[in-house]
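To start, the structure under review is shown below, and the notes come after it.
The values are calculated or read from the model by the stated rules, or taken from the named source; none is laboratory data. What you are looking at is a predicted structure, and each value in this text was computed from that prediction instead of being measured. So basically every Cβ, Gly included, is an ideal-geometry build from the backbone, and we count neighbours across all protein chains shown. Accessible surface areas use protein heavy atoms only, side chains included; no ligands, DNA or RNA. Shrake-Rupley method; radii C 1.70, N 1.55, O 1.52, S 1.80 Å.
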Amino acid sequence: MPAATTTHAEDLADFVDASPSSYHAAAEVARRLLDAGFTSLHESDAWPQEPGRYVVVREGAVIAWAVPTSAGPTTPVRVFGAHSDSPGFKLKPQPTTGHLGWLQAGVEVYGGPLVNSWLDRELRLAGRLVLEDGTEVLADSGPLLRLPQLAIHLDREVNERLTLDRQVHTQPVWGVGAAESADLIAELADRVGVDAARVRGYDLVTADSARGAVFGRDDVFFAAGRLDDLASAHAGTVALAEVGDDLGADHIPMLAVFDHEEVGSASRTGAGGPFLEEVLERIGISLGADRGDRLRALASSWCISSDVGHSVHPNYPGKHDPHVRPVLGSGPILKLNANQRYASDGVGAAAWRGWCEASGVHSQDFVSNNTVPCGSTIGPITATRLGIRTVDVGIPILSMHSARELAGTSDLLDLARVARTYFAG
């Protein structure tokens, strides 16, 4: 495996490790872009009128862009979209539970995780603590919780069938003792140096604590938690960070990473919310655009919606289309669906294949078996909200929505290479 490929994968492992929650992911994207020379903006402030490279964080979402010196009222944008959240478990109110001498955490299912994959793993508790003055503090417990599976001696038929009650069997342990004498939020606050008495609210999720790893023959595989969709967020960040100060492009490169995709995107930080539209409007205002100019800019704009898709599974080939079968390590995928679960069309397919060809990257197609309905992405939502031409792409993976997913090492770098070409025009 070329050194550049494994280096990119190791950098993704760092990115995932720094991003146990959507709030951490947004902060990590911003940190990397600030290190690359971008300027941080706040939504409550007036924004600069001059060209430059900027990034703004809204809770678990982040948008960054580069305004070229040649930009005018009708300059189009090229958006590379992804999402920051992943399926798992979210901490409930009254989080400290337990009985029979065990301390447990009260959690509810977030999105559509493969619940059994979360068993017998050391889990982190991560997200944000909100203090009495409104201050938000990023918090990460490190390895703290575990969902212990029932021993086979106590369930001799477990290998024939495993049924997990999402209320009874998914409450992780984090210590021993009486629940009334412990406080999970105080434990987390203490670990991050915050006075627990100041905490008034929180948004906390579980995350696998194991680091991402390259492995397999010729290092062909990469496994980590939250590849859906941190692999795309990382690729877009790496590509946008390489957009230099000499901004001579005829479009505005933009990275948009949204929260809450796994639960429908209907939030102020999701793709169904106003965040991207508001940022585009503010950029247009800075360029002197009226409504007609903004509509003209959108008509010439593009959005790549990048999210993971299914590789053909060697043990379950009947779950896939019999003729369209992408596989790990053979390039990123173009995602197509006749019922508009993906936004790709013929024009988008042609453009995507052109960007791949210009990048020296092989692309694969993905379409579902007619008897196995597919999920959806931010693509159709973005296209519907803005009328912007959108194409759905990603990388093929196995174990989607598992606590630890499997990708092809070379696909990760190939996606970033296409994103660079797309941003460069």
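Quick check on segment 88-208: take the gyration tensor over C-alpha atoms, sort the square-rooted eigenvalues as a ≥ b ≥ c, and tell me if it's rounded (a/c under 1.5), prolate or oblate. Prolate is the answer for segment 88-208, as a/c is 1.5 or above and a/b outweighs b/c. Please give the helix 409-424 orientation as an angle from the longest Cα principal axis of the chain, in degrees from 0 to 90, rounded to the nearest 10. Approximately 30 degrees, to the nearest ten.
Which value in deg cm²/dmol, rounded to the nearest 500, describes the helix-derived mean residue ellipticity at 222 nm for the chain, given -39,500 (n - 2.57) per DSSP H run of n ≥ 4 and division by the residue count?
Details: 9 runs with 112 residues, N = 425.
Value at 222 nm, helices only, nearest 500: -8500 deg cm²/dmol.
Peptides 50-56, 378-384, 102-108, 35-41 ordered by packing proxy, namely the average of other Cβ atoms within 10 Å per residue, highest first: 378-384, 102-108, 50-56, 35-41.
Can you bin segment 1-54 into rounded, prolate or oblate? Criterion: square roots of the alpha carbon gyration tensor eigenvalues sorted a ≥ b ≥ c, rounded for a/c under 1.5, prolate for a/b above b/c, oblate for the rest. Judged from the Cα gyration tensor, segment 1-54 comes out oblate (a/c at least 1.5, b/c at or above a/b). What the Cα convex hull of segment 98-168 gives, in volume per residue, is 133 Å³. Helix 275-286 axis versus longest C-alpha principal axis of the chain: approximately 30°, rounded to the nearest ten.
Beta bridges from DSSP with both residues in the chain: antiparallel share about 65 percent, rounded to the nearest 5.
Averaging the Cα positions of each part gives two centres, and for segment 180-201 and segment 362-396 these lie 41 Å apart. Using the Cβ-Cβ distance between D250 and A18 with R0 = 41 Å, the FRET efficiency computed as 1/(1 + (r/R0)^6) comes to roughly 0.75. Electrostatic bookkeeping for V55 treats Lys and Arg as +1 and Asp and Glu as -1; over the other residues with beta carbon under 10 Å from its beta carbon, the sum is +3.
How many percent of Cα pairs in segment 1-131 exceed 18 Å? Considering segment 1-131, 69 percent of its Cα-Cα pairs are separated by more than 18 Å. Taking label positions 7 Å along the Cα-Cβ direction at both V263 and S70, the computed distance is 4.4 nm, reported to one decimal.
The Cα-based radius of gyration of the chain, divided by its Kirkwood radius, gives an Rg/Rh of 0.98.
Lys and Arg at +1, Asp and Glu at -1: add these up for the other residues within a Cβ distance under 12 Å of A299 and post the number. List each step's numbers first, then the result.
Working: positive: R294, R296, R389; negative: D293.
Net local charge, A299 excluded: +2.
Computed extension length for N116-V176: 19.3 nm, one decimal, from 0.36 nm per residue of separation with the Cα-Cα distance subtracted. Please compute the net charge surrounding Q94, taking Lys and Arg as +1 and Asp and Glu as -1 over other residues with Cβ under 13 Å from its Cβ. Net charge in that neighbourhood comes out at -2. Taking every protein chain into account, the accessible area of the chain amounts to 42 square angstrom per residue (probe 1.4 Å).
Annotation: lysines with alpha-carbon distance below 22 angstrom to K319 (same-chain offsets under eight excluded): K335. Split the accessible area of segment 88-208 by element, probe 1.4 Å, and carbon with sulfur accounts for 50%.
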